[in-house]
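Below you'll find the structure, written out as structure tokens, and then a few comments.
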Amino acid sequence: VKVFDVNGNILFLNKAGRDEHFLKDTDDVTKWNWLGTVKKEYQAEVKKALKSVLTGVSSEIEFEHIPEGSKRKWCHGIVSPVKDKGGRIELVLFYSTDITARKEAEIKAGENEKMFYALLNSVSLCIKWFDNFGNLISINKYGRKEHFLEGKTEEEIKKWNYFSCIEEKYHEEIKNAMKMALEGKESSFEIRHIPGTSIGEWCMSNFEPVIDENGEVIYILFISRDITEDKKNKDEMEMHTKKINDS
């Protein structure tokens with residue numbers, strides 16, 4: 001807990017705050033540069049919060065400390081005005097809590113998400129991924145190219161009806177595969193595209209559940225590999241074999 005005057009000068013720091021910032025009980029906090037413990041890229045935001053509170057409105061901020069300035073890396077701050085009996089702001093109360101664990105988890109999750117997207121976009125497969133309610137989240141770079149979706153925004157992709165490019169007789173099989181994936185089960189089968197909706201006519205589609213550390217399905221991957229040439233070669237081989245047999 002820190003208390004400032006209306007000019008932004010620190011007047012008080014509680015015991016927990018002194019311990020956090022390596023200050024002794026005998027240290028004069030009025031001579032302490034608290035702002036110097038905050039990383040430079042967050043200092044302007046902190047100054048803004050201290051200034052805006054003078055309008056009488058509380059605000060919240062998140063900021064990072066420099067290692068030598070605090071035992072806590074990340075803090076969440078609530079800045080509130082303290083008014084006298086006449087309603088005039090005379091002090092500013094700055095209450096902060098440690099959010100290091102949460103922020104580091106968020107950063108790690110963000111890094112994992114970036115890696116996830118990078119991997120999906122690096123493969124020559126059409127990959128669509130869905131949330132655990134079966135709603136389309138997005139489609140990777142190769143898939144956008146395959147289905148002529150390049151240039152579409154993420155919101156437009158979410159509204160894209162992926163069934164519109166698949167022959168109707170496969171729709172029920174896809175719905176069943178999605179249900180199985182939500183139960184943690186994998187499945188695969190061939191699908192035929194409607195002409196003009198995809199570069200390839202045939203694909204082998206795999207439905208894969210993405211399961212977190214608690215065993216819960218968090219995503220469904222719909223992974224498709226173009227097998228048009230394979231199907232064509234197979235058909236030609238079967239026709240050739242039939243001709244030989246007939247002769």
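The values are calculated or read from the model by the stated rules, or taken from the named source; none is laboratory data. Worth saying up front: this structure is predicted, and the values here are computed from it rather than measured. When we count neighbours, we look across all protein chains shown, and the Cβ atoms used for this are built from the backbone with ideal geometry, even at glycine. Keep in mind that these areas ignore ligands, DNA and RNA; they rest on the heavy atoms of the full protein, side chains included. Shrake-Rupley method; radii C 1.70, N 1.55, O 1.52, S 1.80 Å.
Data for the structure
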| quantity | calculated |
| --- | --- |
| Selection from the stretch 148-171 of residues that are within 14 Å of Ser205 (Cα to Cα) and of a type in the set (Asp, Glu) | Glu167 |
| Residue, nearest to Phe130 (Cα to Cα), within the stretch 165-210, restricted to residues that are touching a Cys at 6+ places or on another chain (Cβ under 7 Å) and of a type in the set (Val, Ile, Thr) | Ile191 |
| Residue in the stretch 219-235 that is modelled with the highest pLDDT, counting only those that are open to solvent by 100 Å² or more (accessible area, probe 1.4 Å) and part of a helix (DSSP H, G or I) | Glu229 |
| Where a residue in the stretch 190-207 is more than 19 Å from Lys141 (Cα to Cα) and open to solvent by 50 Å² or more (accessible area, probe 1.4 Å) and its partner, wherever it lies, is among the acidic types (Asp, Glu) and in a loop (DSSP other than H, G, I, E, B), with Cβ under 9 Å and at least six apart | Arg192/Glu167; Arg192/Glu201; Ile194/Glu167; Pro195/Glu201 |
| Residue match in the stretch 104-114 (condition: modelled with pLDDT under 90, out of contact with any Asp or Glu (no Cβ under 8 Å at 6 or more places or on another chain) and closer than 30 Å to Ile199 by Cβ) | yes |
| Every residue from the stretch 118-145 that is open to solvent by less than 20 Å² (accessible area, probe 1.4 Å) and part of a helix (DSSP H, G or I) | Leu120, Gly143 |
| Residue list for the stretch 163-182, filter: surrounded by 17 or more Cβ atoms within 10 Å (Cβ to Cβ) and over 19 Å from Val217 (Cβ atoms) | Cys165, Ile166, Tyr170 |
| Matching residues in the stretch 10-56 - criterion: being of a type in the set (S, T, N, Q), open to solvent by 40 Å² or more (accessible area, probe 1.4 Å) and in a helix (DSSP H, G or I) | Thr30, Gln43, Ser52, Thr55 |
| Per-region count, the stretch 57-68, residues outside any helix (DSSP H, G or I) and surrounded by fewer than 12 Cβ atoms within 10 Å (Cβ to Cβ) | 2 |
